[in-house]
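The values are calculated or read from the model by the stated rules, or taken from the named source; none is laboratory data. Computed from a predicted model, the values in this text were never measured in an experiment. Note that each Cβ is placed from the backbone with ideal geometry, even for glycine, and that neighbours are counted across all protein chains shown. For the accessible areas, the whole protein counts, side chains as well, though only heavy atoms, and no ligand, DNA or RNA atoms are used. Shrake-Rupley method; radii C 1.70, N 1.55, O 1.52, S 1.80 Å.
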Amino acid sequence: MDQILIRGGNRLRGSIRISGSKNSALPIFVASLLTNDDCLLHNVPKLVDIITMKNLLISLGVKIRSEGRTCVLRLNKLDSFEANYESVRKMRASILVLGPLLSKFGKAEVSLPGGCAIGSRPIDLHIYALKKMGANIKIKDGYIKGTVSRSSLKGAKIKFPKVSVGATENTLLAASLADGETIIENAAMEPEIDDLINVLNKMGAVISRVKNNVIKIVGVEKLTGFEHKIMSDRIEAGTYAIATAITGGKVELLDAPVNNLDAVLEFLRKMGVKVKIFSQGIIVDSPKELNNVDLVTEVYPGFPTDLQAQAMALMTVTNGISKIEEKIFENRFMHVSELMRFGAKIDVKGSKAIIKGSNNLTGAQVMATDLRASSSLVLAALRAKGDTVINRVYHLDRGYEDMEKKLSRCGAQVRRVHGK
Ligand code: EPZ
């Protein structure tokens, strides 16, 4: 297995171009199941999760041609109704094929996603919405098995008891071809949802936000192909903004999605980091000493849970005590014990963490546990004195394109050692 070796202490200086958003690209790829026309996508990030999604769609019958960051997807004939254990185990977003398979083909079998490193992650809300639209769903032999007995799913009023990005996406994908109108109340407001809505509307669906968290979908009989440029990745941009701050550096984040980063930029400003918006993105300019700040993760437009681990790494190097409350996932503190190997002082009680800042991080042998936890270890290593070895970096490759290259171009001493 590959390892990443980092010698800490260098300030990041230069510019980093932000790639297309993983969490926007994944449901948009799935939208290709809803039409038999060409779906042309630009700015597709080069990530392992995208390869996993391509492989799943290919196994269902989608033909995919890729050139650089452009992909053309086309479904001529469905070959299978099944997202098997292997694809769902590798990537939970595989569950997004459930809604489109049911609405277009009337049948779907998706392996049940288990728990994962960041919590138990149930899928009850996905199933609740699809059942409301008339799908028959049973859990059998480790699979979610769904059928539609009428000719199509029917529009419904869906009120989610809890905000879920994935359940909102699955409902949008299913409702676009359903018979009649669907209303989603307490829908997710993440920008990736709006990127998907844009695509579905380009395909001929009629979708609008009636209020910020209420979405109306008028189902149509047929959807067409589309051309779309995937939005920039706000979590990648936030990660490099924090990387700049932790090293006391100055970096331009080109193509950063400025409008989707309010909570993150506010957090950095409170820490004393200068953040300037310019025509091509954001300039992050960090002072030598950072203020301690308290943070709560929330659904969008609040501070994203996907940047919590990175923010925690940054808090370990302030001059005071910072607090984090994780409100989205029950077990998203797996990085704490690894950050403590660098000498960080962190106390966790339930969903809250107290971080005592100091300037004494030292390089260590650490292990990546999930995607964002891995990036927090990279950030701590960039700041730590001495050498760090990060094991199990395949987690990083799921969601960060060319991370070592982007960082080393800004002066970091980072290199990858390829394992067997
Ligand atoms: C999406 O996951 C993202 N993944 C995650 O990014 C992100 O952390 C998460 O949204 C929250 O922002 C993709 O977009 C592919 P949820 P998702 O359904 O859709 C509970 C990353 O690092 N819930 O919004 O799976 C759930 O347990 C990844 O890039 C239910 O209770 O998240 C959690 O507590 C990791 N029942 C909360 O809702 C359900 O049926 C939010 O989860 C579904 C979810």
Can you name every residue in the stretch 51-70 that is more than 29 Å from Lys132 (Cα to Cα), in contact (Cβ under 8 Å) with a residue 40 or more places away in the chain and open to solvent by less than 70 Å² (accessible area, probe 1.4 Å)?
Thr52
What about Phe303, is it within 14 Å of the ligand (Cβ to nearest atom) and surrounded by 14 or more Cβ atoms within 10 Å (Cβ to Cβ)?
yes
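Which of the helices (runs of 4 or more DSSP H) found entirely inside the stretch 229-344 contain at least 2 residues meeting this: free of Cβ contacts under 8 Å to residues at least 40 places away in the same chain and over 21 Å from Arg409 (Cα atoms)?
Answer list for the stretch 229-344: 262-270, 335-340.
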Note on the stretch 327-349: residues open to solvent by 10 Å² or more (accessible area, probe 1.4 Å) and within 15 Å of the ligand (Cβ to nearest atom) are Lys327, Ile328, Phe329, Glu330, Asn331, Arg332, Phe333, Met334
If we keep just the residues of the stretch 374-418 that are in contact with a strand residue (DSSP E or B) (Cβ under 8 Å, 6 or more places away or on another chain) and charged (D, E, K, R), which is surrounded by the most Cβ atoms within 10 Å (Cβ to Cβ)?
Lys406
If we keep just the residues of the stretch 75-108 that are part of a helix (DSSP H, G or I), among the basic types (Lys, Arg) and over 23 Å from Thr182 (Cα atoms), which is least open to solvent (accessible area, probe 1.4 Å)?
Arg92
Right, Gly61: more than 16 Å from the ligand (Cβ to nearest atom) and at positive phi or not?
yes
As an exercise: evaluate Tyr128 against (1) closer than 26 Å to Lys77 by Cα; (2) within 16 Å of the ligand (Cβ to nearest atom); (3) of a type in the set (Ser, Thr, Tyr) and give the number of the one condition it does not meet.
(1)
Take the residues in the stretch 14-50 that are part of a strand (DSSP E or B) and touching a Cys at 6+ places or on another chain (Cβ under 6 Å); name whichever of them is least open to solvent (accessible area, probe 1.4 Å).
Leu41
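Determine whether Ser151 is surrounded by fewer than 17 Cβ atoms within 10 Å (Cβ to Cβ) and among the hydroxyl-bearing types (Ser, Thr, Tyr).
It is true that Ser151 is surrounded by fewer than 17 Cβ atoms within 10 Å (Cβ to Cβ) and among the hydroxyl-bearing types (Ser, Thr, Tyr).
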Subset of the stretch 55-92 [under 15 Å from Asp37 (Cβ atoms) and small (Gly, Ala, Ser)]
Gly61
Given the structure, is Ile144 of a type outside the set (Phe, Trp, Tyr) and within 12 Å of the ligand (Cβ to nearest atom)?
yes
